[in-house]
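A.B. asks: One structure coming up, written as structure tokens, with questions to follow.
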Amino acid sequence: MVEENITVTEQKERLKVQDLKVRFFTSKGIVKAIDNLSFSIREGESYGLVGESGSGKSVTATAVMDLIPDPPGRIIRGKIYIDGFNILTDLDQLAKIRIKSPTDVIIKRKKRLIKRHNYIMSGIRGDKVSMVFQEPFLSMNPVMTIGDQIKEAILLHGRVDIANSIIKRETMNAQEVSKIVDTIMAQPDTQTRNKIIVRLCGEYAIPELAKPFTDLFENSTDRDFIINEVLSLVNTKKTGLNLEKLEESKNYFLLRERILDLNLELIGAEHSGDERTAAQLEAQIKELKSTMRSQFLLYSIKRRFMRRFIDAPFEKFAEGRTLELLTQVNIAGPERVMTSYPHELSGGMLQRCMIAMAFSANPQLLIADEPTTALDVTTQAQILDLMKEVNKNYNTSILFITHDLAVIAEMCDRVGVIYGGNLVEEAPVKEIFYNAKHPYTTGLMNAIPRAERRFEKTARLESIPGSVPNLIDPPSGCRFHPRCKFKMDVCSEKKPKLVEIEKDHKVACFLYSDEVEEEPREEIP
Amino acid sequence: MVEEVIGLEQVNAGTKKYRPRLELFSATVKSFVSNKAAVIGAVITFIYFAIAIIDTVAPSVFGIPSGEYTDLGYYSKHISPVETFGIFSPGTSHGFKYLLGGTIFNYPLLPAMFASLKFDLGYSVLIVGVGALVGSAIGVTAGYLGRWADEFMMRVTDVFFSVPFLILAIAFSTIFGHDMLSAVYALLIIWWPIYARLSRSLALSTKSLNYVEAATAAGSSKVRNIFYHVFPNVLSPIFVQISLDLGSIILIFATLSFLGITNLPYSFPELGALISDGDNFVTSFIPLPGFHLIWWPLIIPGFFLLIFTVSINLFGDGMRDALDPKLRK
Amino acid sequence: MTKISADENILMYVHGLKKYFPIYGGLGGVKGYVKALDDVTFYLREGESLGIVGETGCGKTTLGRTILRLIDATDGDVYFNIPKDEMIKIIDLEEQVKEKMDNGKTPETDPELRNLLDQVSKFRHKYSLLRISQRELRKVRKYMQPVFQDPFSSLDPRKIIRDIIGEPMRVLLKLHPSEILKREKKIIEEIGLSEDHLYRFPHEFSGGQRQRIGIARAISIEPKMLVLDEPTSALDVSVQAQILNILRDLQNRMGLSYIFISHHLNVIRMMSDRVAVMYLGKIVELASTEELFNEMLHPYTKALLSAIPIPDPEVKIQRTVLEGEIPNPANPPKGCHFHPRCPVAMPNCGWSPVDLSEFIKSMLDPVRNPEAEAITNVSEIQTDEDNNILDMVFEDGYNVSEETLQIIKNLVEKESFQQKGSAFKAISSVEKINPGNIVRFTIRKPDTPKLKEVKRGHFVSCLIYNYNYYDEKTESPTPEEYGPEIYSNN
């Protein structure tokens, strides 16, 4: 469709949510959790979604991961583009919902599409998007060690890359080394030099050598000496494993990745109505699958029964990478942490491990759902610093969900304020804090007890009267109008549209614009 | 996640009617009545209990004068097995007594089942009642007081809990004779620890909740806390346990007489004994040629028991939901 | 503690409060204690609100519960709502006793102390909330009520609001039901709900409304003091503001005193007149709100304050990010509990052999110190906590030469100027002992800081402000020496 082309603009959008609508069908009625929510996150941007409990911010996060529990939840409508691919393409086609009464809802789905959707999502989750949850204790497996859990996450994706780098390491020779040393030595600046060294060490599956190498390049300028030293160090790391077998594994995973990619293409083609390409792609997939079945029959049997031997080089690589990840998130004594179980660690430590796990596949988008709410202030400061660092170093986009405006001020570039399942305001963080427009946002701002403000005994905090609406039976029109100071007649009748009133500053309020949001008639109430 | 979204129910002032205290009770009743399965369960349970009571107060209502069982027991010893096969099948016109046919020695099945309720229900209510009372009193006290009281009471409970029931029942039956009473004694001793454990764990979790602390701060004594705050919150799971147990105790009686540990005379009106007798017919006599299948002495009392167990469980579930204001609606 | 002037109205005086939770081993044996409260002393004036702030596990919730005697204290006294002159006398006596005890005197040797103790114990048994009988306690409970954090578990789910709010009136005041109903109607309107809410169950209300009901229950008998245990941390910001406003109005109208427990520093700042900062069961700093937030003295308070995110994107603060996390309260560090995380720890702050064994291991790492390559055959490091000794044991039969010993001494010297150098400064001697393969480090005895009045009304428990301290041997700086440098960048 048209949107597919729009997503590739000058500033790449990592995540784009369009007209998202989520409902929960419960025995008490239909919960209108999210209504026509649209926002987007650019590359390297940290986007904050702020709202009170029950406003739908966590639902949004789980919707982006497509982890909404079904039943009772369901994404009714909308598009979620992750790196330009709409993950809901398949779901869109199968949302056939018939409502007999608010408590009696029949949902029909096509099994084939559901199956394909789940298959694709398992390829996207963890690889392109990762999530950090609020309760680290609840989101870790209590009977597996931290190390094993992170290793598992690493090995789920990118096996081809792992195999490639192991092969590179094993086949490294003097010629290659001298070439690399030359390029590194050509860099005048130590910082860029170190960066290159770290990157190359990762590429050659020798992350543990990064430190000695940087020292080496710092202390010596003798080219031949460096080359010899590097060669000898690398040779100690070579394991001399059977490269043919590794090659076989690599090809197997390469094929699997190819099939996944073709499936993504197929979905795109099917959705845009290009039947010829779709048929071609389908045939291609079929062919590849049959090749896989015939060519890798023996391999898959071996993999099933002798997994330990076949996966040994991968496991070893994953172990090194786990140590590296744990060191990156500033954990003291990573070796000890690797072998310990979740209950042996404190909340802050576990949250670091969660972040390490989320970064195992270097995702481009990280969803952080109240990652510091369960932690103490001093630990929260540590975790926020870590996340900022990660955001800067890897150019990762972050969707940061929280109820704490102070954390938003510290962490985010752009902020969306969500109320009753609707986005009511969206602006850069400074605009939100100094030039808030929506009455709800200003109310929230004034309700924070601030450190810098002096309070006399009789002074009062400004508060918003009432409480968050019940989303089974939300207020008509603007969902905020029963609590609003500036309520007008139109507010209870029509729903305001999110309109850009200044540059980058969008507000959904009749005080600023008369535009009304159209409700498609055939939709679910 | 759903809880997060719908858990925030807002009460708008004036939308609901003023509710005086009496209406609270009717709300409970209303909630119970709205649960159809529970109502059916309650009705059937009520019928069973009514039969048992009528049969105790006026045995002749169902057409069997008291004392007839023992006569039959005596009769059985002097009759040859062959004569026992001339028994009526259900539906044949032999009057109300034989509406469901006859069982061993052509003893009328329907009155036998009715009469058996008197023993079965009476004893199981006794056992469960005593067990629930003693057990929950001990459990709640132990859980609320904690420390040494808890330690002591629960170790005692453990001792009783660890006694194997069947062995105790056999021992009792050798001491007190092979009748129902010895099984009842054994069950009385065995049954209360379940309630003690259940109510202790419930009391433990309730005790640490803030509202009990708030009551303490409001000057409420330990005894008052137990009765006013802890006990009501422990009650509903105990209700469910009671309803489950009433059914299973009857099953245990049936098992015991089936195994011959309570060696009741033939056609003693006890459901287990009736089923056990019926089982003899089905298992021993089907293969013989010339005999038609005599199924009713086994199937009918079996269903009679099954219906009771199911309906009392439904009743118990409904009671729990109705008593818990959170589940009500 | 300071001398209390005679014209001050002290509502409550908490003295030496201790609560140790036993950790049970198998078969009823006690393995150790979690010191949730360790010698907590403070007072509360009438109409004042005292904020208590700290991180998880610092004992702030236990403090609230112990004061209300919802749990029994291990030791200590709480004097509440007693005649003014008696209160002043008690405070004076308790202070005297404490001072004498601190100076190492015992009742057996010091007749004066014995005399004082006799006087004090009379008061203790008459007034201390933790010692009086349940019956007398009930009379006092009229004047102190709690409000809890969790609005969901603090109301009995099986009682209607009328029963919940009326409970204190029924039990403590034994009022007539019609009188109770009359008061209930008044109170429920005061807190912003309406009369027909009285006949509903708690689950029909939102979190903020439930918290209002909790407050209504607490104020229904017109107490003098409320213990507010994180009353708003479970609520949303907009609702939090409502609750804080209600609490503030009530205080102004009824002259209530508050013990306001929270981990949220900004809420504390707004709500309290004085603030106590707690860390691992002890008060580390206590001062008026204005003083504390402008001139905080304890390193922990500084770190805690700098960790609060500021709701303003333009303000970027220089953070003191603390290393590590709160230690296990069952096994707290020696000396000052904060010293392992303290950015300005001194040699006498409590470095123990166990702390040092980690540092010495890293000292011997040749990557860190190339000189350490000469020391290769260390087989283990033994610690003796009781005698403050750490032994570096070499392999059997190895005789430590003078040069090796000198290298080790040099390393210690070198490390003492690095990060965490104060730990190495705590080593008072390094010597070789028989049979020749052991190098013994003797570590100076740690000092335990006491809550001292550094300025008028500003109490700090930190050795930096212990002006008597000056150690010539280790040449540890006095506060004047490096105070300005460290404490200027607030």
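A.B. asks: By DSSP, what percent of the beta bridges with both residues in chain A are antiparallel, rounded to the nearest 5? Present the calculation step by step, with values, prior to reporting the outcome.
C.D. replies: Details: 37 of 56 bridges.
Percent antiparallel among DSSP bridges in chain A is about 65.
A.B. asks: Would you mind calculating the gained length between A:Lys388 and A:Asp473 on full extension (0.36 nm times residue separation, minus the Cα-Cα distance), in nm to one decimal?
C.D. replies: On the way: separation 85, 0.36 × 85 = 30.60 nm, distance 3.93 nm.
The A:Lys388-A:Asp473 span can extend by a further 26.7 nm.
A.B. asks: Can you work out D for segment A:223-336 in µm² s⁻¹ from Stokes-Einstein, where Rh is the Kirkwood radius over C-alpha pairs, the temperature is 4 °C and the viscosity is 1.567 mPa s?
C.D. replies: Translational diffusion coefficient: 72 µm²/s.
A.B. asks: So what is the diffusion coefficient of chain A in µm² per second by Stokes-Einstein at 20 °C and 1.002 mPa s, using a Kirkwood Rh over Cα pairs? All intermediate terms of the calculation are to be shown ahead of the outcome.
C.D. replies: Numbers: Rh = 26.0 Å.
Using the Kirkwood radius from Cα pairs, D works out to 82 µm²/s.
A.B. asks: Any lysines with Cα under 18 Å of the C:Lys142 Cα? List them, leaving off those in the same chain fewer than 8 positions away.
C.D. replies: Cross-link targets: B:Lys222, C:Lys126, C:Lys174, C:Lys224.
A.B. asks: Order A:82-88, A:347-353 from most to least packed using the mean count of other Cβ atoms within 10 Å.
C.D. replies: Details: A:82-88: 20.1, A:347-353: 23.9.
In decreasing order of mean packing, A:82-88, A:347-353 become A:347-353, A:82-88.
A.B. asks: Taking the Cα atoms of the protein assembly as shown, report the difference between the largest and smallest coordinate on each principal axis, in whole Å and largest first.
C.D. replies: 116, 99, 88
A.B. asks: Can you give the convex hull volume per residue for the Cα atoms of segment B:111-164, as a whole number of Å³?
C.D. replies: On the way: hull volume 3.6 nm³, N = 54.
Considering the Cα atoms of segment B:111-164, their hull volume per residue is 67 Å³.
A.B. asks: Right, another one. Which order do B:Trp148, B:Trp191, C:Trp351 take by accessible area at a 1.4 Å probe, largest first? Intermediate values should be presented prior to the final figure.
C.D. replies: Details: B:Trp148 195, B:Trp191 25, C:Trp351 5 Å².
Sorted descending by solvent-accessible area, the residues read B:Trp148, B:Trp191, C:Trp351.
A.B. asks: On to the next question. State the antiparallel share, in %, of DSSP beta bridges confined to the protein assembly as shown, rounding to the nearest 5.
C.D. replies: Numbers: 83 of 120 bridges.
Around 70 percent antiparallel, to the nearest 5.
A.B. asks: Still on this structure, please answer the following. Take every DSSP beta bridge with both residues inside segment A:362-426 and express the antiparallel ones as a percent of the total, to the nearest 5. Walk me through the numbers before you get to the answer.
C.D. replies: Values: 4 of 9 bridges.
That works out to approximately 45 percent antiparallel.
A.B. asks: For the pairs A:Lys16/A:Lys110; C:Lys100/C:Lys445; A:Lys16/A:Lys503; A:Lys108/A:Lys250; A:Lys211/C:Lys302, note any where the Cα-Cα span goes beyond 29 Å.
C.D. replies: Numbers: A:Lys16/A:Lys110 26 Å; C:Lys100/C:Lys445 22 Å; A:Lys16/A:Lys503 19 Å; A:Lys108/A:Lys250 40 Å; A:Lys211/C:Lys302 35 Å.
Over 29 Å Cα-Cα: A:Lys108/A:Lys250; A:Lys211/C:Lys302.
A.B. asks: Also, quick follow-up: Threshold 20 Å², probe 1.4 Å: give the residues of segment C:195-220, in number order, that are less accessible with all protein chains present than with their chain alone.
C.D. replies: Checking the loss per residue gives C:Asp196, C:His197, C:Tyr199, C:Arg200, C:Phe201, C:His203, C:Glu204, C:Ser206, C:Gln209, C:Arg217.
A.B. asks: For C:Lys455 and C:Ser429, compute 0.36 nm times the residue count separating them, minus their Cα-Cα distance, and round to one decimal in nm.
C.D. replies: Values: separation 26, 0.36 × 26 = 9.36 nm, distance 3.65 nm.
Stretched out fully, the C:Lys455 to C:Ser429 stretch lengthens by 5.7 nm.
A.B. asks: Calculate, for B:Val39 and B:Phe258, the FRET efficiency according to 1/(1 + (r/R0)^6) with r their C-beta to C-beta distance and R0 41 Å; round to the nearest 0.05.
C.D. replies: Details: r = 33 Å, r/R0 = 0.80.
That pair, B:Val39 with B:Phe258, gives E of 0.80.
A.B. asks: Another one. Between A:Asp514 and A:Ser272, take the C-beta separation as r, use R0 = 60 Å, and let me know the FRET efficiency to the nearest 0.05. Mind showing how you got there, number by number?
C.D. replies: Details: r = 36 Å, r/R0 = 0.59.
The formula returns an efficiency of 0.95 here.
A.B. asks: Under the definition of partner shielding as Cβ atoms of other protein chains within 10 Å of a residue Cβ, what is the mean value for peptide A:370-379?
C.D. replies: Values: counts 0, 0, 1, 0, 1, 3, 11, 13, 16, 8.
Mean partner shielding for this stretch: 5.
A.B. asks: When the C-alpha atoms of segment C:207-290 are aligned to their principal axes, what extent does each axis show, in angstrom, from largest down?
C.D. replies: That gives 34, 28, 23 Å along the principal axes, largest extent first.
A.B. asks: On to the next question. Apply 1/(1 + (r/R0)^6) to the Cβ-Cβ distance of C:Thr442 and C:Gln96, taking R0 = 41 Å, and write down the FRET efficiency to the nearest 0.05.
C.D. replies: Details: r = 37 Å, r/R0 = 0.90.
Efficiency computed from Cβ-Cβ geometry: 0.65.
A.B. asks: Separate question: Which entries of A:Lys12/A:Lys237; C:Lys84/C:Lys452; A:Lys21/A:Lys128; A:Lys494/C:Lys185 show an alpha-carbon separation above 30 angstrom in the structure shown? Don't jump to the answer; show the numbers that get you there.
C.D. replies: Numbers: A:Lys12/A:Lys237 39 Å; C:Lys84/C:Lys452 25 Å; A:Lys21/A:Lys128 23 Å; A:Lys494/C:Lys185 38 Å.
From A:Lys12/A:Lys237; C:Lys84/C:Lys452; A:Lys21/A:Lys128; A:Lys494/C:Lys185, over 30 Å: A:Lys12/A:Lys237; A:Lys494/C:Lys185.
A.B. asks: A further question follows. Once you put a point 7 Å from the Cα of B:Leu181 and another 7 Å from the Cα of C:Glu290, both along the Cβ direction, what distance in nm separates them?
C.D. replies: 8.7
The values are calculated or read from the model by the stated rules, or taken from the named source; none is laboratory data. From a predicted model like this one, the values you see are computed outputs, not experimental measurements. All Cβ positions, even for glycine, are placed from backbone atoms using ideal geometry, and neighbour counts span all protein chains on display. For the accessible areas, the whole protein counts, side chains as well, though only heavy atoms, and no ligand, DNA or RNA atoms are used. Shrake-Rupley method; radii C 1.70, N 1.55, O 1.52, S 1.80 Å.
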